[in-house]
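Q: The structure under discussion is supplied below as structure tokens; questions concerning it will follow.
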Amino acid sequence: GAVVSQHPSRVICKSGTSVKIECRSLDFQATTMFWYRQFPKQSLMLMATSNEGSKATYEQGVEKDKFLINHASLTLSTLTVTSAHPEDSSFYICSASPQGANNSPLHFGNGTRLTVT
Amino acid sequence: GQQVMQIPQYQHVQEGEDFTTYCNSSTTLSNIQWYKQRPGGHPVFLIQLVKSGEVKKQKRLTFQFGEAKKNSSLHITATQTTDVGTYFCAGHAGGTSYGKLTFGQGTILTVHP
């Protein structure tokens, strides 16, 4: 159980375009989802906490107007990278815990490798 | 803010050798979790430790949580090539917001056959 699906797994886009990444909890409800960014051979950096029905909470240094997060239902959160630039190229991973399970383990999606040309 | 330091950054071992990665937090943790990320994959949850001084085992893997709940370790006995990957510790600080984990830098393990 506790499967998180992320789509797409890979995307290549041109500089200046926007890319939307979807994160779905398939067999549980998640009022909160987390978006991480990971550079090669580095750790996971939390970008933002996505809250169902309310605004996302962004970590310091993350531009909320560039990384738009929408959490419209208990099973879906989306991250849109707007006006992408080559420096936005990275591995983006979402995660979630079953609803109500405070401090419980995170279940990660498979990640999205974004390449901006 | 909370910092979680993990060492070593890299570890190369021969198959059959043991391996240990260490995790230290700047603040007391309510719990610590360990994840494994295979090359090209996503982090997969291994275990969670909650109690001070707790020790848990999963086959060849031994996890420890320090008495002060500020450090932890993962020890692998007799490594195998399937152990290759990056091992991350991640902690919840006491009273932190729901679900928000701080990850260590990770230890990249390479196992030579």
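The values are calculated or read from the model by the stated rules, or taken from the named source; none is laboratory data. As the structure is a computational prediction, the values presented were derived from the model and not from experiment. With ideal geometry, Cβ positions are generated from the backbone for all residues, glycine too; neighbour counts draw on all protein chains shown. For accessibility, only protein heavy atoms count, side chains too; no ligands or nucleic acids. Shrake-Rupley method; radii C 1.70, N 1.55, O 1.52, S 1.80 Å.
Q: Would you mind telling me which residue in B:85, B:41, B:66 has the biggest mean-square fluctuation in a Gaussian network model of chain B, where springs connect alpha carbons within a distance under 10 angstrom?
A: Largest GNM mean-square fluctuation: B:41.
Q: Which whole-number percentage describes the relative contact order of segment A:12-91, with Cα contacts under 8 Å and a sequence gap of 6 or more? Walk me through the intermediate numbers first.
A: On the way: 149 pairs, mean separation 31.1, N = 80.
For segment A:12-91, the relative contact order is 39 percent.
Q: Quick one: among B:70, B:100, B:51, which has the greatest mean-square fluctuation in a GNM of chain B with alpha-carbon springs under 10 angstrom?
A: Among B:70, B:100, B:51, the largest GNM mean-square fluctuation belongs to B:100.
Q: Of the DSSP beta bridges with both residues in chain A, give the percent that are antiparallel, rounding to the nearest 5.
A: Details: 35 of 39 bridges.
Roughly 90 percent of the beta bridges in chain A run antiparallel, per DSSP.
Q: Based on the alpha-carbon gyration tensor of chain A, what equivalent-ellipsoid semi-axes (square roots of 5 times the eigenvalues) come out, in whole Å, largest first? Let's see the in-between values first.
A: Working: eigenvalues 104, 41, 34 Å².
Square roots of five times the eigenvalues give 23, 14, 13 Å.
Q: May I pose another question? For segment A:15-117, state which GluC sites (Glu not before Pro) are in a DSSP loop and have at most 12 other beta carbons lying within 10 Å of their beta carbon. Show your work: numbers first, answer last.
A: Numbers: sites: A:22, A:52, A:59, A:63, A:87; in loops: A:52, A:59, A:63.
Of the GluC sites (Glu not before Pro), the ones in loops of segment A:15-117 whose Cβ has at most 12 other Cβ atoms within 10 Å are A:63.
Q: Continuing with the same structure: Tell me the accessible surface of residue A:115 in square angstrom (1.4 angstrom probe, heavy atoms of protein chains only), to the nearest ten.
A: For residue A:115, solvent-accessible area is about 60 Å².
Q: Continuing with the same structure: Spin-label point model (7 Å from Cα, Cβ direction): what's the residue A:29 to residue A:45 distance in nm?
A: 3.5
Q: To the nearest whole number, what is the average tally of beta carbon atoms from other chains within 10 Å of the beta carbons of peptide A:41-54? Please report the intermediate quantities before stating the final value.
A: Details: counts 7, 5, 11, 12, 1, 4, 0, 0, 4, 0, 1, 0, 0, 0.
Taking all residues of A:41-54 together, the mean is 3.
Q: Now, a different point. Could you please state how large a percent of the accessible area of segment A:9-115 is carbon and sulfur, counting protein chains only and using a 1.4 Å probe? Intermediate results must be reported in sequence, preceding the final value.
A: Details: 2530 of 5120 Å².
Of all accessible area on segment A:9-115, carbon and sulfur atoms account for 49 percent.
Q: Rounded to whole Å and sorted largest first, list the principal axis extents of the Cα atoms in segment B:31-70.
A: Projected onto its principal axes, the Cα set of segment B:31-70 covers 35, 21, 10 Å.
Q: Going down the table (B:36/B:70; A:64/B:100; A:14/B:100; A:55/B:100), which pairs top 23 Å between alpha carbons?
A: Numbers: B:36/B:70 20 Å; A:64/B:100 18 Å; A:14/B:100 33 Å; A:55/B:100 16 Å.
Distance filter (> 23 Å) returns A:14/B:100.
Q: Hey, another quick one. Return the value, in Å² to the nearest 100, of accessible area buried between chains B and A (probe 1.4 Å, both sides summed). Walk me through the numbers on the way to the answer.
A: Values: alone 6140 and 6540 Å², together 10860 Å².
Chain pair B/A: roughly 1800 Å² of buried accessible area.
Q: To continue, here is another question. What fraction, in whole percent, of alpha-carbon pairs in the protein assembly as shown exceed 31 Å separation?
A: Within the protein assembly as shown, distances greater than 31 Å cover 22 percent of Cα pairs.
Q: Could you do me a favour and compute the accessible area per residue for chain B, 1.4 Å probe, result in Å²?
A: Value for chain B: 46 Å² per residue.
Q: Please return the longest stretch of chain A lacking exposed loop sites, where trypsin sites (Lys or Arg not before Pro) count only if DSSP places them in a loop and at most 15 other Cβ atoms lie within 10 Å. Provide the component values of the computation, followed by the final result.
A: Working: sites that count: A:14, A:41, A:55, A:64, A:66.
Answer - A:67-117.
Q: For segment B:1-90, build the convex hull from the C-alpha positions and give me its volume per residue in Å³. Write out the running numbers ahead of the final one.
A: Details: hull volume 8.4 nm³, N = 90.
Considering the Cα atoms of segment B:1-90, their hull volume per residue is 94 Å³.
Q: Next question, about the same structure. Residue by residue through B:31-37, how many Cβ atoms from other chains fall within 10 Å of the Cβ on average?
A: On the way: counts 3, 0, 4, 1, 5, 0, 6.
For peptide B:31-37, the averaged partner shielding equals 3.
Q: While we're here: For chain B, give the percent of accessible area contributed by carbon and sulfur heavy atoms, probe 1.4 Å, rounded to a whole number.
A: Working: 2730 of 5240 Å².
So the carbon and sulfur contribution to the accessible surface is 52 percent.
Q: Just the accessible area per residue of chain A, please: how many Å² with a 1.4 Å probe? Walk me through the numbers before you get to the answer.
A: Working: 5630 Å² over 117 residues.
Each residue of chain A exposes 48 Å² on average to a 1.4 Å probe.
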